[in-house]
Every structure is written in structure tokens, then in C-alpha cells.
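Taken together, the values in this text are just the output of simple stated rules run on the coordinates, not laboratory data. All figures in this text were calculated on a predicted structure; none of them were measured in a lab. When we count neighbours, we look across all protein chains shown, and the Cβ atoms used for this are built from the backbone with ideal geometry, even at glycine.
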Amino acid sequence: MEKRTIDGVERRACTAEACGAVHWGNYSIGVGALVRRNGQILLVRRAQEPGKGNWTIPGGYIEQLEPIGETVVREVLEETGVQSSVVGIVALRDQPRSVHNVYIAFEMEYISGEPVPDGVEVDAAGFFSLEEQRTMKVAGFTEWLIDAALNKKSDGMRKDELQVAPGSANEFYRL
């Protein structure tokens, strides 16, 4: 690998002419789930850093070959035991840094289950009203996400079942 300017940015690229590999950067994609039931929102208390002791919405990071809609459903189930399904996207955070992070918050439909913490990533879980949340140590970003979900100005981005590329693993969302 050597440093080359590609698309106006210095990047690492393979020196073998036939290879063509370029290191485009380091990225991570996180998801969060806004699950509501009877006017309450599902929250978990972080048992690990970052944010240990803070209440947040359930969430995590996508796996390399995992569709993002499956990721958010899996994370809710793993952290709380609650079954949910994707309704749409309500918020997005872009955080450029050494590992560029994009975080996508999903509105979720509650299906079933009572919140039980996984005991590893989270040590408490439950559905809480906004009034109850005022007395809890809710992370600032989570407060912003809840506000974005409850005070949204549109229906957000909804999953589009139209098969743009039939047979592919693509997921499409639109306003």
C-alpha cells in the first residue's frame, strides 16, 4: 500500500497495478430503536462504557452482511427480549471522526414481550413515560432522539417494499 491522492483525498492504495484496492476509510454504522407501547418508550440502562449508567434506547452496530432493518430488530431482542418491527427512520446523526460513525434511529412497532435486560450490555430495561424519564439519567443524545420521534414534522422515511433490484439484499427507505 502507498499513499495516493484519489478523488482529491490522500488515501492508501495497493501498489500492484492489477489490484486496484483502495482503503476508502474507517466507518461504523449504528442503529437505535424507538419502541413505544401505551405512550411509553423502551429504554435500557447501559452496563458498559461508553455511557455506563445512562438510560438510552436499545441499539448497536450492523454486522458486515446484515441488512440494517434486521440489525435494529436483533439489537432490541438481544438487549431486552422485546419483539419489534421496523416502521421507518426518524433521525440520523453523522459523526465524522477517526472512525466515521453514522447512527440511524428507527421508529419501531412493539409486537410482544416484557423488557428483560441481557445482563451484559444493559443491566435494566423497561417502558417509561416522559414524566418518569425526567427523574432518570437519560443520555442527552437519547433525549434528542425521543424529541425527534415525538415531535417529527413528517412521517419520516418509510421502508419501501418496491423491489428496485429484485432478489437483492437491498433495503430502500423513502419519504
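All C-alpha to C-alpha distances of region 89-142, sorted into 10 Å bins beginning at zero, yield P(r) values of 16, 36, 40, 8 percent in whole numbers. Here region 16-79 is described by how far its Cα atoms reach on the three principal axes: 60, 24, 16 Å, from widest to narrowest.
Here the contact order of region 27-156, divided by its residue count and restricted to Cα pairs under 8 Å and six or more residues apart, works out to 33 percent.
Compute the label zone of Tyr173 within region 57-74: residues whose backbone N is under 16 Å from the point 7 Å along Cα-to-Cβ. In region 57-74, the label zone of Tyr173 (backbone N under 16 Å from the point 7 Å along Cα→Cβ) covers 57-63, 66-74. Against the chain, whose longest principal axis is taken from its Cα atoms, helix 140-150 shows a tilt of about 80°. Full extension of the segment from Ser112 to Glu63, taken as 0.36 nm per residue of separation minus the current Cα-Cα distance, would add 15.2 nm.
Given R₀ = 41 Å, what would the calculated FRET efficiency be for His23 paired with Glu121, taking r from the Cβ atoms and rounding to 0.05? The formula returns an efficiency of 0.85 here.
Can you list the trypsin sites (Lys or Arg not before Pro) in region 14-107 that are in a DSSP coil and have 13 or fewer other beta carbons within 10 angstrom? Before the final figure, lay out each step's value.
Working: sites: Arg36, Arg37, Arg45, Arg46, Lys52, Arg74, Arg93, Arg97; in loops: Lys52, Arg97.
Filter output for region 14-107: Lys52, Arg97.
For the chain, the longest principal axis of the Cα atoms and the long axis of helix 68-80 meet at an angle of about 40 degrees. Can you return the aspartates and glutamates within cross-link range of Lys152? Criterion is Cα-Cα under 12 Å, with same-chain partners fewer than 8 residues away left out. Straight-line reach from Lys152, under 12 Å: Glu107.
In summary, the lysines within cross-link reach of Lys137, defined as a Cα separation below 23 angstrom excluding same-chain residues under 8 places away, comprise Lys52. With each label modelled as a point 7 angstrom along the Cα→C-beta vector, the Ser154-Glu2 pair spans 4.6 nm.
Each DSSP beta bridge with both residues in region 27-156 is either parallel or antiparallel, and the antiparallel ones are about 70%.
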